[in-house]
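To start, the structure under review is shown below, and the notes come after it.
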Amino acid sequence: MDKSRVAAFTDAVVAIILTIMVLEFKTPETFNWEGILEEGPYLFAYAVSFIYISVAWYNHHYMFALAPRITKRIFWINNSWLFSMSLVPVSTAWVGEFISERAPEYFYLIIFFIWSITYMWLTSGIIKTASEMGENEVSNRISAMPIYRFLRSIWGYLIYVVVAIAIYFYPPMGIIITLIELLFMAYYTTDDSDQVA
């Protein structure tokens with residue numbers, strides 16, 4: 001399968017997701033500063049989700065640049081990953097509207113968890129295909145990605161438990177801890193991630 005076409009399709013879907021999220025941002029009904037401040041919770045949720053999608057896209061680009069071949073299986077796993085990401089605008093809007101309520105925060109956490117599972121599944125699929133083709137250096141480089149190692153570690157799963165407990169006691173902690181985790185993922189990228197074409 002043509003890798004560039006799958007990458008272009010992925011880029012288009014990601015761009016649409018980002019567009020939908022920004023369109024959810026309501027124009028204030030007043031010219032006073034209070035109007036924009038009222039939208040503060042959504043603006044914060046939008047900023048977190050924007051970082052979330054940016055981190056995902058950056059790491060996805062790295063994997064696809066290295067991937068020797070995109071199989072039919074990888075194509076459909078990639079679509080599953082995109083599907084999970086397509087729910088981000090809904091979870092973002094709900095959290096932005098009700099940032100202090102448990103249900104929206106739990107829903108955001110569930111979407112983030114599903115995204116993590118599909119991302120690990122996609123990464124594993126690319127690693128497996130590279131290994132089967134004898135591209136051991138590629139599979140080793142992708143396996144060494146900090147985001148992949150973190151999500152597969154006990155710490156990755158432990159954070160979901162911590163966030164779930166924190167949401168119960170103080171719902172906004174859900175998106176706050178998610179932001180911290182995303183900033184960590186954005187900072188700790190593979191050393192050569194900015195050198196692939």
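The values are calculated or read from the model by the stated rules, or taken from the named source; none is laboratory data. If you're wondering where the values come from, they're calculated on a predicted model, not measured in any experiment. Glycine gets a Cβ as well: all are built from the backbone with ideal geometry, and neighbour counts include every protein chain shown.
Summary of computed values
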read-out	value
Output for region 54-77, where each listed residue is crowded, with 19+ Cβ neighbours inside 10 Å and in contact with a helix residue (DSSP H, G or I) (Cβ under 6 Å, 6 or more places away or on another chain)	Val55, Asn59, Met63, Phe64, Leu66, Ala67, Ile70, Ile74, Ile77
Neighbours by Cβ (under 8 Å, 6+ apart or cross-chain): first from region 1-29, free of Cβ contacts under 8 Å to residues at least 12 places away in the same chain; second in a loop (DSSP other than H, G, I, E, B) and surrounded by 11 or more Cβ atoms within 10 Å (Cβ to Cβ)	Pro28/Glu39
Some residue of region 43-52 being touching a Phe, Trp or Tyr at 6+ places or on another chain (Cβ under 9 Å), of a type outside the set (A, V, I, L, M, F, W, C) and farther than 17 Å from Thr118 by Cβ	yes
Selected residue (criterion: surrounded by the fewest Cβ atoms within 10 Å (Cβ to Cβ)) from residues of region 103-128 that are in contact (Cβ under 8 Å) with a residue 40 or more places away in the chain and among the β-branched types (Val, Ile, Thr)	Thr118
Subset tally (residues that are more than 10 Å from the chain's Cα centre (by Cα) and of a type in the set (Gly, Ala, Ser)) for region 38-85	6
Residue tally, condition buried (at least 16 other Cβ atoms within 10 Å of the Cβ), outside any helix (DSSP H, G or I) and modelled with pLDDT of 85 or more, over region 142-197	3
Any hit, region 36-55, residues being at pLDDT below 90, under 30 Å from Ala130 (Cα atoms) and small (Gly, Ala, Ser)	no
Only one of Ser100, Ser139, Ser131 that is in contact with a Ser or Thr (Cβ under 9 Å, 6 or more places away or on another chain) and either buried (at least 20 other Cβ atoms within 10 Å of the Cβ) or not in a helix (DSSP H, G or I) (or both)	Ser139
